[in-house]
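The values are calculated or read from the model by the stated rules, or taken from the named source; none is laboratory data. Bear in mind the structure is a predicted one, so any value in this text is a computation, not a measurement. With ideal geometry, Cβ positions are generated from the backbone for all residues, glycine too; neighbour counts draw on all protein chains shown. When the accessible area is computed, the model is the full protein with side chains, heavy atoms only, and any ligands, DNA or RNA have been set aside. Shrake-Rupley method; radii C 1.70, N 1.55, O 1.52, S 1.80 Å.
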Amino acid sequence: MNKKPGARSRGWGVAMFVLGCVGGAWFARQERRSGPRFSAHSEEIVNNASEAIITVDEDNQIVLANPSAAGMFLSSTWEMRGQPLTRYLHPPTGASGVVTTWFRASGGRAGRRGSDCAATGVRGSGQLFPIEGSISTSYRNGRPLHTIILRDVTERHMVQQKLSRSRDQLRQLSAALQTIREEERAYIARELHDDLGQILASLRMDLTLLQQADGNTPDSLKLMAGMENNLLTAITSLRRIATNLRPRALDEGGLYFALQGLRDDFVERHGIPAALFADEAELRLDDAASTAIFRIVQEALTNIARHANAHNVTMNLYRLNGELLIQIRDDGRGIRTEDMEKAESLGLIGMRERVWAMNGEITITSDEPPGTRIEIVLPLAGHTVD
C-alpha cells in the first residue's frame with residue numbers, strides 16, 4: 001500500500017511528541033506525579049528504538065537514556081542517568097550552554113525534522129566522533145525537557161573526507177596536466193618559429209633572388225609568383241599557429257601586451273568590437289599567473305565568438321587589496337544554468353580549473369540580460385614581478 005503524502009513527516013512528528021512525553025513521564029514519576037502505566041509503555045518504546053535517545057532537563061542533566069544511546073557512547077543506561085550532557089557531548093564552538101542551541105529545534109511544527117552535525121560525541125573510551133541530532137522540547141509542570149535523537153555520522157564523515165581528498169588530488173592532477181600542456185605548447189611554438197619559420201623565410205629569399213635573375217621566361221616568372229604567394233600563406237599560417245600555441249608577446253612583452261594582441265586578433269577575426277581596460281603596471285606577473293590569466297581570457301573570448309552572438313565585449317582587469325579582479329562582459333544571448341553544468345562544457349571546466357589552481361574564485365552569470373558576465377578574483381601573493 002502506498003503511503004499518503006506527508007505520512008512520513010507526520011509520523012516523525014508523532015514520534016518526537018511521544019519521545020518528549022517519555023522524558024516528561026520519567027521526570028514526573030520521579031516527582032511521584034504520574035502513574036506508572038503510561039511511563040512503562042513509553043519507556044518500552046524508547047528502549048526498543050534503534051536510534052540513540054537522550055532526554056535532559058533544563059540544567060542539561062540526563063534524566064533518560066535508552067540502550068542504543070548507551071551502546072553508542074560505550075556506557076550503560078544507569079551510568080548515564082544523572083550525568084551532565086557535556087560528559088557525552090561537546091557543544092559546537094561558540095554555542096551557549098543551552099542544549100537547544102546545539103541543534104536546530106523542530107520549531108513546534110509536526111513533521112519538521114531539525115538536524116545538524118552540531119556536536120561532537122565522547123565515547124566511554126574517550127574517543128571523539130561526529131554527532132548529528134534532532135531535538136524536541138516538551139514541558140512538564142512548566143519545566144522544559146529536551147529529548148534528543150542522535151546519529152553517529154562517523155562513516156559519512158569518512159566518506160566525505162575521502163571525496164574531499166579525491167577532489168584535491170584531481171585538481172592537483174589537472175594543474176599538473178595544465179602545466180605540462182603549456183610547456184609542450186611553448187616547445188612546439190619555439191620549434192615552429194625557430195626552425196620551420198626560418199626555413200620558409202630562407203626559401204622566400206631564395207625565390208626573390210631567382211625572380212631577379214636574368215633569362216626568366218614569362219611562364220617561369222608566373223610560376224615563381226605563385227610559389228611566392230604560397231610561401232606567404234604558409235608563413236602567415238605558421239605565425240598564427242605558433243601564436244595560438246604560445247603568443248610571443250607573453251614572453252617578450254608580458255601579459256598586458258599579450259592581452260592586447262588577443263583582443264586585436266578577436267576583433268579582426270570575428271568583427272566584434274572588444275574593449276580592454278587594464279594597466280600594464282598592474283599586470284606584471286610571473287609566468288605561471290600570466291599564462292593562466294591569458295588562457296582564461298582566451299577561453300572566454302572563444303566561447304563568446306562561438307555561442308554568445310554578441311555585438312560588444314568589455315574586459316576589465318585591475319588590482320584591489322592584493323588581488324586581481326577580472327570581469328568579462330558581453331551583450332549576447334546569455335548563458336543558461338544548464339549550459340554551465342554540462343559535462344561537455346570543457347571550456348568552462350578549463351577556466352574553473354585554472355582559477356581554482358590559483359586559489360581564486362569564479363562566477364559566471366547572466367542575471368543582467370542581455371549577455372553574460374564572468375567575474376574572477378585571483379590572489380596575487382607570490383605572483384607579482386617588480
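Can you name the residue in the stretch 118-151 that is basic (K, R) and in contact with an Asp or Glu (Cβ under 8 Å, 6 or more places away or on another chain) and is also farthest from Y88 (Cα to Cα) among such residues?
My answer is R143.
Of all residue pairs spaced 6 or more apart or on separate chains, none has beta-carbon atoms under 6 Å together with a first member in the stretch 81-93 that is free of Cβ contacts under 8 Å to residues at least 12 places away in the same chain and a second member that is polar (S, T, N, Q) and assigned to a loop (DSSP other than H, G, I, E, B).
Against the numbered list (1) modelled with pLDDT under 85; (2) assigned to a loop (DSSP other than H, G, I, E, B), D168 comes up short only at (2).
The number of residues in the stretch 270-285 being open to solvent by 50 Å² or more (accessible area, probe 1.4 Å) and farther than 11 Å from L317 by Cα comes to 5. For the stretch 357-371, the set of residues classified as surrounded by 15 or more Cβ atoms within 10 Å (Cβ to Cβ) and either at pLDDT 90 or above or part of a helix (DSSP H, G or I) (or both) consists of A357, G360, I362, listed by residue number.
Within the stretch 162-183, the residues that satisfy the criterion of being small (G, A, S), within 23 Å of D287 (Cα to Cα) and either in contact with an Asp or Glu (Cβ under 7 Å, 6 or more places away or on another chain) or without any contact (Cβ under 8 Å) to a residue 60 or more places away in the chain (or both) are S174, A176. The single condition from (1) in contact (Cβ under 8 Å) with a residue 60 or more places away in the chain; (2) touching a Ser or Thr at 6+ places or on another chain (Cβ under 8 Å) that E228 fails is (1).
Return yes when I180 is aliphatic (A, V, I, L, M) and surrounded by 18 or more Cβ atoms within 10 Å (Cβ to Cβ) and no when it is not. Answer is no for this residue.
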